[in-house]
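Structure, as structure tokens:
Every read-out reported here was derived from the displayed coordinates using simple, explicitly stated rules and does not represent laboratory data. The shown structure was predicted, so the numbers you read here are calculated from the model rather than taken from an experiment. Heads up, the Cβs are rebuilt from the backbone with ideal geometry, glycines too, and the neighbour counts pull from every protein chain shown.
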Amino acid sequence: MSNPIRLVIFGRQGAGKGTQCVRLVERFGLAHISTGDMLRAAVAAETELGLRAKAVMDAGNLVGDEIMNGIVRERLAEDDANTAGFVLDGFPRTSAQAEALVQILGDRTLHGAVNLDVPIAEVTERMMARGREDDTPEAIARRLELYESETRPVLDWFDARDLLVTVDGLGTEAEITERLFAAVDARL
């Protein structure tokens, strides 16, 4: 592909981003770059970064811009992200990270930012049901509060640059996928 597709996907934790990213990867041949997966791998490997990130995540907080920008910069320099394109999941979470993404991409075009919109009550129920160790009611509530206070402004940042597309994240996986593909196709 001469012009790889570059997307960012947003949605509250539990909105189904991971599931829909798999579908985007299959349909468009993209690399799925999940900062959550990268952080969990670093924690499991007990790397210096992983240990620093674990302390932050265990408190229910989001890992800071400096660590995240570095992780993403390194990952977007890899061959698959440059040749196949990517869907970036979990970054940027702040306006400062969005600015850093623009710098990281340089002259490469970002095709769009998709927001999977799912109400708070629904994502809370989904996260409790998946049973991850870090999905305590307190940690979930804290992450959702942080999403609203820190990430919502990022959606406005992308919207102001005519890059944001909101997709209804309620319904069957197939219905959501159909809406997502239509939204991405419209951006291309």
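Answer with a single label: of (i) 9, 37, 39, 14, 0; (ii) 9, 35, 32, 17, 7, 1, 0; (iii) 8, 31, 27, 17, 8, 5, 3, 2, 0, which was calculated as P(r) over Cα pairs in 10 Å bins from 0, in percent from the structure in view? For P(r) over Cα pairs in 10 Å bins from 0, in percent, the calculated option is (i). When +1 charges are put on Lys and Arg Cβ atoms and -1 charges on Asp and Glu Cβ atoms, the dipole computed for the chain relative to its Cα centre reaches about 140 debye.
Relative to the globular-protein estimate of 2.2 N^0.38 Å, the Cα radius of gyration of the range 1-66 stands at 1.32. Over the range 5-187, what is the percentage of antiparallel beta bridges among all DSSP beta bridges, to the nearest 5? So the antiparallel bridges in the range 5-187 amount to around 0 percent.
Sparsely packed loop sites in the range 110-188 (the trypsin sites (Lys or Arg not before Pro) outside DSSP H, G, I, E and B with at most 14 other Cβ atoms within 10 Å) comprise 132, 161. The ranking of 89, 134 from fewest to most other beta carbons within 10 Å of each one's beta carbon is 134, 89.
Among 149, 95, which comes first, then next, by fewest other beta-carbon atoms within 10 Å?
Details: 149 9, 95 16.
Ordered by Cβ neighbours within 10 Å, fewest first: 149, 95.
How high is the relative contact order of the chain, in percent, with contacts defined as C-alpha pairs under 8 Å that are six or more residues apart?
Numbers: 250 pairs, mean separation 61.4, N = 188.
33 percent.
Which helices pass in the chain if a helix is a full DSSP H run, must span at least 18 angstrom along its long axis by Cα, and must have mean Kyte-Doolittle hydropathy not below -1.0?
Working: long enough: 173-187 (21 Å, -0.08).
Helices meeting the criterion: 173-187.
What FRET efficiency, computed as 1/(1 + (r/R0)^6) with R0 = 25 Å and r the Cβ-Cβ distance, is obtained for residue 77 and residue 132, rounded to the nearest 0.05? After rounding, the FRET efficiency stands at 0.25.
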